[in-house]
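Please read the structure below before turning to the comments.
The values are calculated or read from the model by the stated rules, or taken from the named source; none is laboratory data. What you see is a predicted model, and the numbers here were worked out from it, not measured in a lab. Backbone-built Cβ (ideal geometry, glycine too); neighbour counts: all protein chains shown.
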Amino acid sequence: MISTGDIKNILLRDVKANPALGMIAEIEKDGHAPVTETSVAERIVIVLPGGMDNGPISRAFPRICVYVPDDKINRPKGSRYYKPGGKRLNQLENECIRAFRSGVYGTYGEEVYTYKLEDIVQESDPDTWSHFLNVRLRFEAVNTKL
């Protein structure tokens with residue numbers, strides 16, 4: 001059977017192999033390195049918030065979080081505010097849709113799996129001066145041997 005760790009490894013491999021997403025320097029499982037306002041950069045985090053049921057067809061809903069630094073806008077009198085890196089965020093959203101909407105099929109050991117885009121949402125993470133794409137996938141594994 002495919003474990004939750006296996007799912008993260010499969011997605012990590014596939015994201016790194018994607019021509020556009022794989023160009024992002026930091027691609028991690030479970031979390032990203034701490035950032036500061038001056039060190040924030042694009043990064044991808046692969047998480048599996050719930051477990052995986054273990055029926056004949058096991059299902060899980062992993063997430064690929066694609067972070068894009070906010071644009072810093074300086075105002076008169078030294079104040080500033082942050083807004084989403086809109087153009088880049090939209091480019092990466094389109095790439096995620098292209099990469100995952102049709103579904104990906106493969107094998108892992110003797111297990112057959114498929115995953116497909118379930119939904120995608122742009123969200124804010126003010127603690128890291130970023131907005132991110134919350135890409136939710138539906139991952140299914142057939143628990144039978146080939």
query = Taking the stated definitions as given, is Ile64 closer than 22 Å to His131 by Cβ, free of Cβ contacts under 8 Å to residues at least 60 places away in the same chain and crowded, with 20+ Cβ neighbours inside 10 Å?
reply = no
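Residues of segment 67-103 being aliphatic (A, V, I, L, M), buried (at least 17 other Cβ atoms within 10 Å of the Cβ) and without any contact (Cβ under 8 Å) to a residue 60 or more places away in the chain, which ones? Don't jump to the end; show me each part of the working.
We begin by selecting, within segment 67-103, every residue aliphatic (A, V, I, L, M); these are 68, 73, 89, 92, 97, 99.
Add one more test, that the residue is buried (at least 17 other Cβ atoms within 10 Å of the Cβ), and what stays is 68, 89, 92, 99.
Leu89, the sole residue that qualifies.
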task = Would you check if Ser124 is at pLDDT below 95, under 18 Å from the mean Cα position of the chain (by Cα), within 20 Å of Thr36 (Cα to Cα) and surrounded by fewer than 16 Cβ atoms within 10 Å (Cβ to Cβ)?
result = yes
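Out of curiosity, is Gly50 within 21 Å of Val104 (Cα to Cα), exposed (fewer than 13 other Cβ atoms within 10 Å of the Cβ) and of a type outside the set (A, V, I, L, M)? Write out each step before concluding.
On the way: within 21 Å of Val104 (Cα to Cα): yes; exposed (fewer than 13 other Cβ atoms within 10 Å of the Cβ): yes; of a type outside the set (A, V, I, L, M): yes.
Yes: the conditions hold for Gly50.
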inquiry  = I'd like the full set of residues that are modelled with pLDDT under 95 and under 15 Å from Leu11 (Cα atoms), limited to segment 78-97.
reply    = none
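Among the residues of segment 36-57, which ones are in contact (Cβ under 8 Å) with a residue 40 or more places away in the chain and either within 20 Å of Asp14 (Cα to Cα) or within 18 Å of the chain's Cα centre (by Cα) (or both)?
Of all residues in segment 36-57, those in contact (Cβ under 8 Å) with a residue 40 or more places away in the chain come to 37, 40, 42, 48, 51-52, 54-57.
Within segment 36-57, Val40, Glu42, Leu48, Gly51, Met52 meet the criteria.
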remark   = Taking segment 38-60 and the residues there that are modelled with pLDDT of 95 or more and among the hydrophobic types (A, V, I, L, M, F, W, C), the one that is nearest to Glu95 (Cα to Cα) would be Ile44
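Determine whether Thr128 is touching a strand residue (DSSP E or B) at 6+ places or on another chain (Cβ under 9 Å), under 24 Å from Asp6 (Cα atoms) and of a type in the set (S, T, N, Q). Show your work before the answer.
Details: touching a strand residue (DSSP E or B) at 6+ places or on another chain (Cβ under 9 Å): yes; under 24 Å from Asp6 (Cα atoms): no; of a type in the set (S, T, N, Q): yes.
Criteria not met by Thr128.
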ask   = Do any residues in segment 112-137 that are under 13 Å from Ile64 (Cα atoms) have Cβ atoms under 7 Å from those of residues that are hydroxyl-bearing (Ser, Thr, Tyr) and assigned to a strand (DSSP E or B), where the two are at least six apart or on different chains, and which pairs are they?
value = Phe132/Tyr67; Leu137/Tyr115
